[in-house]
Amino acid sequence: MIIPHVHTRLTEQKVGQQAQNLPDPKVVGEVITFLCHESCGENGSCFEINQQRVQALRYERNEGLGLNFDFKAETVRQNRQKLNDYSNPEYPQIVADTMPRVIENATKNKEKLEEERAKQTQQSQPAEQESDLKSDEHFSMIGAFLDSGEGKKLVAEINAIYGFEIKKTKKGEVVKTFTIDLKNGQGKVVVGKSANPDATFTMTDDDFDLVSIGKLNPQVAFTQGRMKIKGSMKKASMFKPGIFPPSTPENKAKYLKAKL
């Protein structure tokens, strides 16, 4: 790049008679001739022709401020001193020298954006209800039964993880999820969704209650569309209410009291 400050009609219009003190434009041609010669190794440099000198210029870039995902005008105001700090400068020679910084910042912004989207997704998801479901008591009793160690043989026999999605109504949204783990340890019940269930049952709270107390046959519930199953049908067929103690007042008193 050439920045010429020479005597031309344009400079006369700008500075008047003082333009006569500027170098002859022929000087620019001499510099360009050298730069174009095959023996010249200059590339990407900047030269200024001013008064009686040809001077090389260079860009100086400081560390500056990172353009974070939530970058605001207030960020500039609060970090104004840092923005003008040249204590640790860089001297880019060509445009390509800037690209590593551009790529680094773009990567950071992408990661931050993904984090923000994940937070927004979590916030937009309805919180699972902790009570007001008949299913709660049934799952609590199953959990207490497994915690007691009495169901340890089921883990060896069934070796599966089951997910349960409970709805208030058949066409409504899932209001709560449970996981019955019959694959690890002595088995357990967890409130929440499993990452890799072998089979998942979806039904209303009322229907799960009826199945648990023996007033609704699971096969009938499935054929009537009152129970939906996802995943392995083989593993799903192994899960029957009879594998756990029935939800009678006596068993609830026994296991739930022991859990407390």
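Can you tell me how many residues within region 191-200 are without any contact (Cβ under 8 Å) to a residue 24 or more places away in the chain and part of a strand (DSSP E or B)?
0
Residues are listed down the side, and each one gets a yes or a no for (1) of a type in the set (G, A, S); (2) at pLDDT 80 or above; (3) in a helix (DSSP H, G or I):
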residue	(1), (2), (3)
C40	no, yes, no
G44	yes, no, no
Q55	no, no, no
E63	no, no, no
D70	no, no, no
E74	no, yes, yes
P92	no, no, no
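Within the set of pairs 6 or more residues apart or between chains, which connect a residue that is of a type in the set (S, T, N, Q) inside region 25-50 to a residue that is at pLDDT below 75 with Cβ atoms less than 7 Å apart?
Hits for this filter: N50/H5.
Take region 214-233 and flag every residue that is open to solvent by 70 Å² or more (accessible area, probe 1.4 Å) and either polar (S, T, N, Q) or assigned to a loop (DSSP other than H, G, I, E, B) (or both).
K215, N217, Q219, T223, Q224, R226
For every residue, the table says whether it meets (1) within 39 Å of the chain's Cα centre (by Cα); (2) among the β-branched types (V, I, T).
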residue: T200; (1), (2): yes, yes
residue: D207; (1), (2): yes, no
residue: L210; (1), (2): no, no
residue: G214; (1), (2): no, no
residue: S237; (1), (2): yes, no
residue: K240; (1), (2): yes, no
residue: P245; (1), (2): no, no
residue: K252; (1), (2): no, no
residue: K257; (1), (2): no, no
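The values are calculated or read from the model by the stated rules, or taken from the named source; none is laboratory data. Model, not experiment: these values are computed from the prediction. Glycine gets a Cβ as well: all are built from the backbone with ideal geometry, and neighbour counts include every protein chain shown. For accessibility, only protein heavy atoms count, side chains too; no ligands or nucleic acids. Shrake-Rupley method; radii C 1.70, N 1.55, O 1.52, S 1.80 Å.
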